[in-house]
Amino acid sequence: MIIGDLSDASDLDDLRRRGVTHILNLRWTELHCWEGFNYLKCPVFDEYDCLRADSIVSAIRFVDLAQRDGGKILVYCREGIDRAPFVAALYLHYFQDMSLEEAYKHVKSMRPQSTPHPEWFTSKLQDEIWKEIWRERS
């Protein structure tokens, strides 16, 4: 998994060089849908009040799909500082059985400039995400 920003998603040669097979766009605007990649646009707002559990679950499920397919995924937002690291940490938490703290530390080691909003990790949002995951499994 690569956590990146707009410039990472814009560089087709670099995506190919790094072996990226899947691209998860967390922005509201479209950038590129390069041919030869599995692509999902799953907009996530920067504001806590606008975060939707169903969108976040769709995003982390796509990361899981890429990993299970043996692919390499670029998870990106505009700056690669909050939304992309947040989704990456949630994937590690919910699908790789890491604690939120371990997942955050791992993401921070992958992308040191990561600073997801602390309130995004609140129990209320996590409860909503868990419910959405279990609802989909039923």
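Each value in this text was obtained by applying a stated rule to the coordinates, not by laboratory testing. No experiment lies behind these values; they were computed from the predicted model shown. Ideal geometry is used to build each Cβ from the backbone, glycine not excepted, and the neighbour counts take in all protein chains shown.
To check you understand DSSP bridge types, tell me what percent of the beta bridges within the chain (both residues inside) are antiparallel, rounded to 5. Walk me through the intermediate numbers first.
On the way: 0 of 11 bridges.
Around 0 percent antiparallel, to the nearest 5.
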Could you go through the stretch 60-65 in sequence order and give the Karplus-derived ³J(HN,Hα) for each residue, using 6.51 cos²θ - 1.76 cosθ + 1.60 with θ = phi - 60°, rounded to whole Hz, and x for Gly and Pro? 6, 5, 5, 4, 4, 4
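Given a cut-off of under 8 Å on Cα pairs at least six residues apart, what relative contact order in percent is computed for the chain? Intermediate results must be reported in sequence, preceding the final value.
Working: 204 pairs, mean separation 37.8, N = 138.
For the chain, the relative contact order is 27 percent.
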Tell me the label only: which of (1) 0.97; (2) 1.19; (3) 1.82 is Cα Rg over 2.2 N^0.38 Å as calculated from this structure? (1)
Taking amide H positions as placed in the peptide plane 1.01 Å from N, state which residues far from Asn38 in sequence (5 or more) or on other chains have amide H under 5 Å from it. His22, Ile23
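With Cβ to Cβ distances under 13 Å as the rule, what net charge do the other residues near Arg18 carry (K, R +1; D, E -1)?
Numbers: positive: Arg16, Arg17, Lys72; negative: Asp8, Asp11, Asp13, Asp14.
Charge balance in the 13 Å sphere: -1.
Over the stretch 68-138, what relative contact order in percent results from Cα pairs under 8 Å that are six or more residues apart?
Numbers: 42 pairs, mean separation 19.8, N = 71.
After rounding, I find 28 percent.
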Taking H placed 1.01 Å from N in the peptide plane, check which residues at least 5 places from Gly4 or on another chain put their amide H under 5 Å from its amide H. Val75, Tyr76, Cys77
